[in-house]
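What follows draws every value from the coordinates through simple rules; no lab data is involved. Quick caveat: nothing in here was measured; it's all calculated off a predicted structure. Positions of Cβ are backbone-derived with ideal geometry, glycine not excepted, and every protein chain shown enters the neighbour counts.
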Amino acid sequence: MSGTKLILGQVLDLVADPFKAPLGEAHVLHEALVVAQGKIAALGTKANLRAAYPEAEILDHGHALILPGFVDAHVHFPQTGIIASWGKRLIDWLNSYTFPEEMRFGDPAYGAEIAALYLDLVLCHGTTSVTSFCTIHPASVDALFTAAQERGMAVVAGKTCMDRDTAPPGLRDTAQSAYDDSRALIERWHGKGRATYAITPRFSPTSTPDQLAALGALWAEHPSCLMQTHLSEQTDEIAWVRGLYPQARDYLDTYEAHGLLGAGGLYGHAIHLVAREIDRLAEVDASVIHCPTSNTFIGSGLFDMAGLQARGLRIGLATDTGGGSSFSMLRTMAAAYEIGQLRHAPLHAAQLLWLATAGSAQAQHQSGDIGTLAVGSVADLCVLDLASTPAIAQRAQRANDIWEAVFPTLMMGDDRALIETYVGGVARLSAARARLARPRSSPRSAPLS
Ligand code: GUN
Ligand code: ZN
């Protein structure tokens, strides 16, 4: 927790959903905001807030852009070490890169090292909150929540459950152990500080119907938990699900039939949906999570943002580390824009920023708390230099309005754009950068052969 701070800059407050409100009414620009006891206490002009809070410590970020911290609504922190692995599509990619790496998390010390590394990386990219899959090992969940607690971050996470022989030996639990371990983790972490537990069947192909049913029962017993999984990412995967669950009406039905469809459900990817699936997701007010860099990187397809927005679904935005090719929500917004273009429905900068903040927060059922600058919300903020590289600076210089000034950073920016990341009003960027600069127990680079 911190003392009162007066933070100066170009404070961009998205006050309405720019998918619903006219663009002119969706934002307000302020000169400053006040943080008291870790929460946003006021927004306004410098002069007014200086007068109202004469004792506040002043942190002047000049013309930098102040936004809510980014919210990354679908990641796999254990895949940090295999991000940017070449040339496979989903099922081969899982078998070749993901499962061998996730096996290493049987060693709790490795899990703790990667959890700390991962959260420092995202803080350096302006991300203050994530929803993460862990591995089948309960210690991987402890590692992530512990590292998040040390950094003050709001994290949603759960033990990934897989009990079918489609997952490799050594990376399988059982229906009973998945239930027992998840329940123990819920008791240990759910609602403690800023931790939220998500019951986490990886996806239907790696769970037996018995495991899905056990996790559905667990969710019914703990309805304040979220539930995260994958849905209709690649066409080969959908065919696989059809073979494994011949009685199911469609992919979503494999979850629905086992108590795993509900308002607190976060369904990653959701690209190749059929009409019944969209109807049911909308009826129960579920969330779908768009992972654009992943969808292009592993060749999954083009998410239908306009169609699903029109159905009123909660839609979050996410990197899908490490199927996605970046830790950066800036890069992720750029990819979402490109997919919109390929669908002939380009997204406005305000819509991209909304998805990366309030949209993801809504998808995680944390609106009001994160992803917003509303008074009373937690002061999770990122501060962006809108001229962080010569290439961006020369474009931004010609801007005629705020959106033209912001858009080059959304399209071309990376972690160099970060001037500060505040979590609960505490500046966290330089410590995270310093930790990343220190030698790690695993070597930084090995000689090429
Ligand atoms: N489907 C099941 N597991 C995964 C995963 O780890 N990454 C992605 N992108 N899709 C999945
Ligand atoms: Zn995923």
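Quick look at the values:
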item	result
Length gained when the stretch Ser224-Val15 is fully extended (0.36 nm per residue, less Cα-Cα span)	72.5 nm
3J(HN,Hα) from dihedral phi, the stretch 295-311, Karplus parametrisation 6.51/-1.76/1.60, rounded to Hz, x for glycine, proline	5, 7, 5, 9, x, 8, x, 10, 4, 9, 4, 5, x, 6, 4, 4, 8
Scattering curve values for the stretch 224-337, log₁₀ I(q)/I(0), Debye with Cα scatterers, q = 0.09, 0.10, 0.13 Å⁻¹	-0.22, -0.28, -0.47
Cut-off 12 Å between beta-carbons: net charge of the residues surrounding Gly152, Lys and Arg +1, Asp and Glu -1	+1
Size-normalised alpha-carbon gyration radius of the stretch 379-434, reference 2.2 N^0.38 Å	1.23
Mean Cβ neighbour count within 10 Å, used as a protection proxy, ranking 252-259, 81-88 highest first	252-259, 81-88
Inter-label distance for Val375 and Arg188, nm, one decimal - labels placed 7 Å from Cα along Cα-to-Cβ	4.1 nm
Listed residue (Ser328, Asn95, Phe133) projecting farthest to the positive dipole end of the chain, Cβ model	Ser328
Leading residue at positive end of dipole, the chain (Cβ point charges), from Tyr179, Leu226, Ile58	Ile58
Neighbourhood net charge (13 Å Cβ-Cβ; Lys/Arg +1, Asp/Glu -1) for Ala358	-2
Paramagnetic reach from Asp236 (point 7 Å along Cα→Cβ, amide N under 14 Å) across the stretch 286-307	298-301
Karplus-derived HN-Hα couplings along the stretch 236-252 (A = 6.51, B = -1.76, C = 1.60, θ = phi - 60°), whole Hz, x at Gly and Pro	4, 5, 5, 5, 4, 4, 4, x, 7, 10, x, 7, 6, 5, 6, 4, 4
Cα-based convex hull, the stretch 156-223, per residue volume (Å³, whole number)	77 Å³
HN-Hα J in Hz across the stretch 146-156 - Karplus 6.51, -1.76, 1.60, θ = phi - 60°, x for Gly and Pro	5, 5, 5, 4, 4, 9, x, 8, 7, 10, 10
Projected-area mean, the chain, by convex hull of Cα positions, square nanometres	21.1 nm²
Cα-Cα over 22 Å, subset of Lys5/Lys192; Lys88/Lys159; Lys5/Lys39; Lys39/Lys159	Lys5/Lys192; Lys88/Lys159; Lys39/Lys159
Radius 11 Å from Cβ of Lys46, net charge of other residues (Lys, Arg +1; Asp, Glu -1)	-1
5 angstrom amide H check on Thr321, placed H, neighbours 5+ away	His76
Two-decimal ratio, the stretch 1-147, of alpha-carbon radius of gyration to 2.2 N^0.38 Å	1.41
Rounded to the nearest 20 debye, dipole of the chain from Cβ charges on Lys, Arg, Asp, Glu	700 debye
